[in-house]
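Comments concern the structure below.
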Amino acid sequence: MDAFTAGLLQRIRATESDLSRARDEGDEFLVEVEQGELDDLRRLAAEHGVEVGASRV
C-alpha cells in the first residue's frame, strides 16, 4: 500500500470516528461538517481506485 492510500484510509477512519462522536454528542452542525468531509474523502478514494470497505457510520 502506498503512502497516499494509507493516508487517505487513515483520514477516512478518523473522520468516521469524529462523525460518530458528533452524532453521540448531538452536535448537528459538526455532524454536517464531518459528513461533508467524509463524502469528499470517499469521492477522492473512488476517483483513485482506493477501496474503502464497509462504513462504520
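Worth pointing out:
- Distance between the pseudo-spin-label points of Val33 and Val52 (7 Å out from Cα toward the beta carbon): 2.0 nm.
- Gyration tensor verdict on the stretch 17-57 (Cα atoms; rounded if a/c is under 1.5, prolate if a/b is larger than b/c, oblate otherwise): oblate
Values quoted throughout were computed directly from the atomic coordinates according to the rules given, and no laboratory measurement underlies them. Model, not experiment: these values are computed from the prediction. Because the Cβ atoms are built from the backbone with ideal geometry, glycine has one as well, and the counts that use them run over all protein chains shown.
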